[in-house]
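Only one structure is covered here, and it is reproduced in the block below.
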Amino acid sequence: MAPAAPRPAPGRRRSLKAPLDKLGSAGALIAAAACPICFPKLALLGAFLGLGGLAAYEAQLFIAAQALVVLAVAGHVLAYRRAPRAWRFGLALAGGGAFFAALYLFGSELLSYLGLGALIAASLPRLRRPPAA
């Protein structure tokens, strides 16, 4: 039997700040996978996951992907304030910046994928090991 998860100290509740970076990164990836015109390489993954039916809502999903990237970066800012890891914070900022630069400045599909990948890579170490309290 697995040990029970540690409970927060009395008077302290768990906040939603910790999973914001992971939630935003995963949500941005799923929203991008549902946009076949915006992110054609991720559309293959979206079709495999059964998200092809959401193509009619592509404009809304494109906006949702951008909002979730902002949420992921905000989650990394809060995580950095809590437990400073400069490389993870820098990777998240660079990934978010690359994503928006690809969309609005350069029109580069590769750069947008690299930005999403950087956000996911910045979130992965927190999946293995929860942050210290």
Matching residues in region 84-120 - criterion: being hydroxyl-bearing (Ser, Thr, Tyr) and either within 15 Å of Ala28 (Cα to Cα) or in a helix (DSSP H, G or I) (or both): Tyr104, Ser112, Tyr113
For region 5-50, which residues satisfy the criterion of being at pLDDT 70 or above and among the β-branched types (Val, Ile, Thr)? Ile30
So which residues in region 33-50 are open to solvent by 50 Å² or more (accessible area, probe 1.4 Å) and part of a helix (DSSP H, G or I)? Pro40, Lys41, Leu44, Leu45, Ala47, Phe48
I want to confirm something. Restricting to region 51-81 and keeping residues that are over 23 Å from Leu103 (Cα atoms) and either at pLDDT below 80 or aromatic (Phe, Trp, Tyr) (or both), which single residue is surrounded by the most Cβ atoms within 10 Å (Cβ to Cβ)? Tyr80
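The values are calculated or read from the model by the stated rules, or taken from the named source; none is laboratory data. All of these numbers come straight from a predicted model, not from anything done at the bench. Glycine gets a Cβ as well: all are built from the backbone with ideal geometry, and neighbour counts include every protein chain shown. SASA here: full protein model, heavy atoms, side chains in, ligands and nucleic acids out. Shrake-Rupley method; radii C 1.70, N 1.55, O 1.52, S 1.80 Å.
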